[in-house]
1. Filter region 382-404 for residues that are aliphatic (A, V, I, L, M), farther than 17 Å from E513 by Cβ and part of a strand (DSSP E or B) and give the result.
2. Could you list all residues from region 387-397 that are surrounded by 16 or more Cβ atoms within 10 Å (Cβ to Cβ) and of a type outside the set (K, R)?
3. What's the number of the condition K434 fails, among (1) of a type outside the set (A, V, I, L, M, F, W, C); (2) modelled with pLDDT of 95 or more; (3) part of a helix (DSSP H, G or I)?
4. Would you be able to tell me the number of residues in region 45-74 that are surrounded by fewer than 16 Cβ atoms within 10 Å (Cβ to Cβ) and under 14 Å from S16 (Cα atoms)?
5. Inside region 194-252, can you point out the residues that are out of contact with any Leu (no Cβ under 7 Å at 6 or more places or on another chain) and among the charged types (D, E, K, R)?
6. Is region 206-217 home to any residue that is out of contact with any strand residue (DSSP E or B) (no Cβ under 6 Å at 6 or more places or on another chain) and over 23 Å from T413 (Cβ atoms)?
7. Name every residue in region 1-23 that is touching a Pro at 6+ places or on another chain (Cβ under 6 Å) and either modelled with pLDDT of 90 or more or among the small types (G, A, S) (or both), in order of residue number.
8. Would you mind stating whether L558 is in contact with an Asp or Glu (Cβ under 7 Å, 6 or more places away or on another chain) and assigned to a helix (DSSP H, G or I)?
Amino acid sequence: MSTITTLHAGFAGHVSDALDALVAAGALPGGLNRGAVTVEPPRDPSHGDLATNAAMVLAKPAGTNPRALAEALVAELVKLPLVTEASIAGPGFINLRLAPGAWLDELRAVAALGADYGRSALGAGTTVNVEYVSANPTGPMHMGHCRGAVVGDALASLLEFAGHKVIREYYVNDAGAQVQVLGRSAHVRYREALGEDVGEIPEGLYPGDYLIPVGQALAAEFGDRYVGAPEEDWLALFRTRAVAAMMAMIRDDLALLGIRFDRFSSEAELQAAGKPDEAEAWLRARDLVYDGVLEAPKGKVVEDWEPVALPLFRSTRFGDDQDRPIRKSDGSWTYFGADLAYHFQKAESADALVDIWGADHGGTVKRIKAAVAAMTGEDGHPTPFEVKLVQMVQLLRDGEPVKMSKRAGTFVTLADVVREVGKDVVRFTMLTRKPEAQMDFDFAKVVEASKDNPVFYVQYAHARICSTLRKAAAEGFAPGDGALDALGSEELALVAQAAQFPRVVEAAAVAREPHRIAFFLHDLAAAFHAYWNLGNDRPDKRFIVAQSADLSAARLFLAAQIGQVVRNGLALLGVEAVEEM
């Protein structure tokens, strides 16, 4: 990490130093937990430039009055040369007003740090496993997978930027009934490739044309060896070959979005290695799995239901609604049993786990959280585990839903969408709403060149900056920080907006919410466009002022640093900062 201090980190340090001074003076007890102390812009800008809740959160454990502690803190903070005013609001919030020099120093920090501006040591090198996509390997990626893919990939980048080590993981569900169906579907296409008229693909199999090349490859390799052979002779082979082909297709589709993984974990390999058996034995040894009978389904009568003894995990001990079976009546693993072992394996190489799931999996969150708590919390410190649920995306074309037919095997593939509108448009758009909120993706609107399109709005801000710098160079002007004192209140307000970036990065990383970066970029672009528009009516507010080389250099320096912050934010989202539009 650079030793250059940003305003965000600098004033957090100043507040900490002021608290240390109060401890040294005997006005505050030592050893207080300061983890909840924040330094950030107040919600109402008229209250000041920065605010801290230090007096509010420390007064009670210090055994003092928040207002009294705030007064003592204010007395320390007003000694800082870059603080022009420190005032107390309400019961003990402290608002600070900063001298222009604070913002000018921040501009120089952006220039000095460049692509590292906003980078944080918050994660302290701890390892976070982020699992995302994990689509069943039964076909190409479709738009139902897209949003979770982008959210997971952007989160992984954000956590790395915030100082964590990150493992990007894809869990390949290649051990369930769906891949058996895939193998049978590939066999139909294999027979078709050998000249058989297979007619309409049988009900229950995958009808998509994407399996035709798989069948052709199998036919080329094996000839007619398995045409009339019993299923047990070819199913495992065809399943394995088909899954490999689907995963190659999925990797290619994800590459179009700029998404990569560090690790692909196979459910089939997990089971073959006996990991679920090991997990069951571990849990039984701790009386966390027992043989019991599930309650009858509630709310409706199931005529053929019979009580069956199954191995049950005591998930109710860890907050779940009921204990959960880890095996089926035939002895095979339930989805939960396999997932339990998989998360146990993940926790062995990570300090924290984050799963990105579709909202339709919300019902399984409690049981997996219970499993992770049980298997990693024997020492009283379970591995932190979060599930982020992502809602589906509705595709629209000119405001009308795009019709798809599952029966016909037709759906809108991720590859088709990326090729039509571009990687950057897809990625940024997926982060323009909170992931738990429903999203419409209208093909016309996401490529619209208007301020109502956030993708265009942010990229246009960067392109405008690049265009301004090119024009300035052509006219003999260059950015420079020698006369930054010439910048006025409008320019400093723009710096103040950009200076929130390091704080936003840390807050977004802690909350596991990469969409906050997209929101920040939209606000910064709005502030930049607003300043730009001042020059339309007031020539003295343009970036290039022919009569003043010093003022032009200062404003161009400002523009260059705003551009740098936009680039840094877009890089976290995996979006290119275009230079021309």
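The values are calculated or read from the model by the stated rules, or taken from the named source; none is laboratory data. Fair warning: this is a prediction, and the values are worked out from it, not measured in the lab. Please note: Cβ atoms are built from the backbone with ideal geometry, for glycine as well, and neighbour counts cover all protein chains shown.
1. Listed by number, the residues that qualify are V393, L395, L396.
2. V387, L389, V390, Q391, V393, L395, L396
3. (3)
4. Counting residues in region 45-74 that are surrounded by fewer than 16 Cβ atoms within 10 Å (Cβ to Cβ) and under 14 Å from S16 (Cα atoms) gives 0.
5. Across region 194-252, the qualifying residues are E196, D197, E200, E203, D209, E221, R225, E231, E232, D233, R251, D252.
6. No: region 206-217 contains no residue that is out of contact with any strand residue (DSSP E or B) (no Cβ under 6 Å at 6 or more places or on another chain) and over 23 Å from T413 (Cβ atoms).
7. None; the set is empty.
8. Answer is yes for this residue.
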